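Inspection log for the structure reproduced underneath, given as structure tokens.
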Amino acid sequence: MAIRRGRGVAAINYPTGMNLGGDPTQALVHSTPTGNFMVTLSSVDLGQGMKQIMAQICAETIGVPTDRVVVDTADTDTGPHCMGTFASRGTHRAGNAVIQAAREARQVMLEVAAEELEVNASDLETDGQGNILVKGAPQRSISIFDVALSAHFKRGRSISGRGMFLIPRSYPEKETGAMKPSTCYAHACTVAEVEVDDETGEVTVLTVKNVFEIGRALNPKMVEQQLVGGSWMGISHALYETTEPYYPNRDHGGTDFNQYLMPGPGDLAQTEIIVLERPSADGPYGAKGPGEMCANPQIPAVANAVFDAVGVRIDTLPITPERILRALKAQAGAPN
Amino acid sequence: MAKVPVQFTLNGAEKAEFIDSGTTLLHALRDKIGDTSPKGGCHQGTCGACSVIIDGELRLSCLTLAETCNGAAITTTSGLSKGGVLHPLQRAFLDAFATQCGFCTPGMIMAAKVLLDQTPNPSRDEVVEALSGNICRCTGYEPIIQAVLTAARSNSQNAA
Ligand code: FES
Ligand code: FES
């Protein structure tokens with residue numbers, strides 16, 4: 001009986017979004033009379049930071065500071081359609097829709113500015129600080145604040161835009177079954193080191209080293225936060241989480257979330273995160289979906305590390321002490 | 001049912017309410033008084049989201065009857081900032097990106113505050129121990145642990 005060490009590695013490709021008969025998200029953007037911009041979505045920010053990212057995307061496209069953008073989300077009664085925040089699709093799908101809507105709004109904004117400055121709209125550019133300038137003659141400029149006032153009260157224009165991003169439904173080819181469920185894949189690789197007590201079956205994850213390739217990180221600190229939390233969740237999936245933990249008698253089983261096991265602050269592996277940015281071809285400013293994929297590679301990596309440590313393949317999650325002990329018994333030739 | 005009077009200070013301000021007997025402090029704070037910083041996660045004492053400080057001690061407001069708080073001094077996370085300046089713990093949580101959905105955050109900050117009030121320079125293990133009654137589903141805890149350690153350091157620098 002001993003504590004045995006093992007190391008496992010796993011790599012994954014992970015689709016951004018999914019395709020269940022077409023995968024659309026729509027967005028609307030409009031300016032207020034004072035030249036702030038409002039993004040309307042029915043997508044949900046559940047803490048991953050979608051509002052911040054959509055504000056950045058809208059601001060970048062229109063050419064204003066991020067704090068000039070307000071994002072309203074999560075009302076499916078009033079917002080334009082979104083398939084939902086799942087499958088790591090939020091940034092990619094909603095972001096593309098916001099870019100399209102913001103481009104249309106920007107075009108109207110430049111047209112109004114062109115009328116005010118008596119130049120061609122195509123000769124105008126934004127300075128990112130809330131002003132519109134004549135290219136090559138920046139002394140001729142107008143603030144977006146004044147453009148919005150003019151649009152509302154003088155010119156009768158709506159500085160607004162509609163955005164739509166749709167990955168059309170992909171049908172499998174009859175002959176081969178081949179299909180294209182996703183257009184954009186994120187990638188990750190994890191090396192996990194574990195200790196397995198072959199007497200109790202208990203697994204301790206010592207270290208996890210993760211590399212994530214997520215397209216462009218639109219907000220690097222928030223990406224890092226997502227990946228750190230996700231890596232922890234991956235270990236949680238690998239070793240802890242189940243709604244049906246094994247009990248000889250189901251009456252003793254868990255009945256509520258408070259009996260749903262997850263690693264606590266005292267059970268943390270030493271975690272390392274490395275981000276590789278390879279901008280995606282069809283993502284908003286090159287982004288892919290880092291959401292769910294970041295909790296995946298730890299699972300096979302831990303399973304492989306357990307195999308490396310004690311020589312048994314656990315093919316059911318979570319990898320509980322009980323499953324390890326049964327597998328060790330079976331390996332030794334004893335009846336289960 | 002007859003209402004019972006209850007009187008305490010909340011973040012230094014006198015509060016007096018008539019409540020139904022049996023009302024939890026969590027319910028009284030959120031729905032009567034309007035301080036929604038304590039969160040109701042499990043309503044049965046297992047998640048820590050509802051944590052508040054009563055007379056210097058960390059308490060679960062979902063398991064505390066409001067009528068037992070007569071004369072008490074209650075602190076919640078919404079009372080920590082002073083004149084628009086965030087408490088060092090709030091600052092550290094922001095800087096460390098120690099909050100995502102934010103549901104656990106007020107409870108975490110309460111637990112951390114009691115720790116730092118009693119142990120200004122805690123070890124990592126002491127921080128882990130202090131936070132172990134609070135569940136977070138988002139962050140993986142490490143950013144929270146780091147935030148508490150950072151706040152402790154900045155407190156001791158300010159004191160020095
Ligand atoms: S709500 Fe009080 S401990 Fe969960
Ligand atoms: S930040 Fe979401 S539960 Fe902790």
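The values are calculated or read from the model by the stated rules, or taken from the named source; none is laboratory data. Computed from a predicted model, the values in this text were never measured in an experiment. Methodologically, a virtual Cβ is constructed for each residue, glycine included, from the backbone with ideal geometry; neighbour enumeration extends over all protein chains shown.
Of note:
- Which numbered condition B:Phe103 misses (of (1) assigned by TED's automatic domain parsing to the domain that holds B:Ser21; (2) within 14 Å of ligand 1 (Cβ to nearest atom)): (1)
- Leading residue by the ranking (farthest from B:Val114 (Cα to Cα)) among those in the stretch B:73-96 that are in a loop (DSSP other than H, G, I, E, B) and touching a Ser or Thr at 6+ places or on another chain (Cβ under 8 Å): B:Ala96
- Considering (1) crowded, with 22+ Cβ neighbours inside 10 Å; (2) touching a helix residue (DSSP H, G or I) at 6+ places or on another chain (Cβ under 9 Å); (3) over 30 Å from B:Leu149 (Cβ atoms), the lone condition that A:Gly229 does not fulfil carries the number (3).
- Number of the condition not met by A:Gly266 [criteria: (1) among the small types (Gly, Ala, Ser); (2) at the interface with another protein chain (Cβ under 10 Å from one of its Cβ atoms); (3) surrounded by 18 or more Cβ atoms within 10 Å (Cβ to Cβ)]: (3)
- Whichever residue in the stretch B:113-137 is closer than 30 Å to A:Cys294 by Cβ and within 16 Å of ligand 1 (Cβ to nearest atom) and, among such residues, is farthest from the chain's Cα centre (by Cα): B:Arg137
- Breaking point among (1) among the hydrophobic types (A, V, I, L, M, F, W, C); (2) farther than 20 Å from A:Gly35 by Cβ; (3) in contact (Cβ under 8 Å) with a residue 60 or more places away in the chain, for A:Val64: (2)
- Condition met for B:Val85 (away from ligand 1 (no atom under 16 Å from the Cβ) and crowded, with 20+ Cβ neighbours inside 10 Å): no
- Just one of the numbered conditions (1) within 13 Å of another protein chain (Cβ to nearest Cβ); (2) closer than 28 Å to B:Gln7 by Cα; (3) at pLDDT below 95 is not true of B:Gly83: (1).
- For the stretch B:7-59, filtering for residues that are within 16 Å of ligand 1 (Cβ to nearest atom), away from every other protein chain (no Cβ under 14 Å) and of a type in the set (Ser, Thr, Tyr) leaves 5.
- Any pair with Cβ under 9 angstrom, 6 or more apart, that starts in the stretch B:107-124 at a residue that is more than 17 Å from B:Ser51 (Cβ to Cβ) and ends at one that is at pLDDT below 95: B:Pro120/B:Asn155; B:Pro120/B:Ser156; B:Pro120/B:Ala159; B:Asn121/B:Arg153; B:Asn121/B:Asn155; B:Asn121/B:Ser156
- Filtered residue count, the stretch B:100-157, keeping only those that are more than 9 Å from ligand 2 (Cβ to nearest atom), within 14 Å of chain A (Cβ to nearest Cβ), assigned to a loop (DSSP other than H, G, I, E, B) and surrounded by fewer than 16 Cβ atoms within 10 Å (Cβ to Cβ): 2
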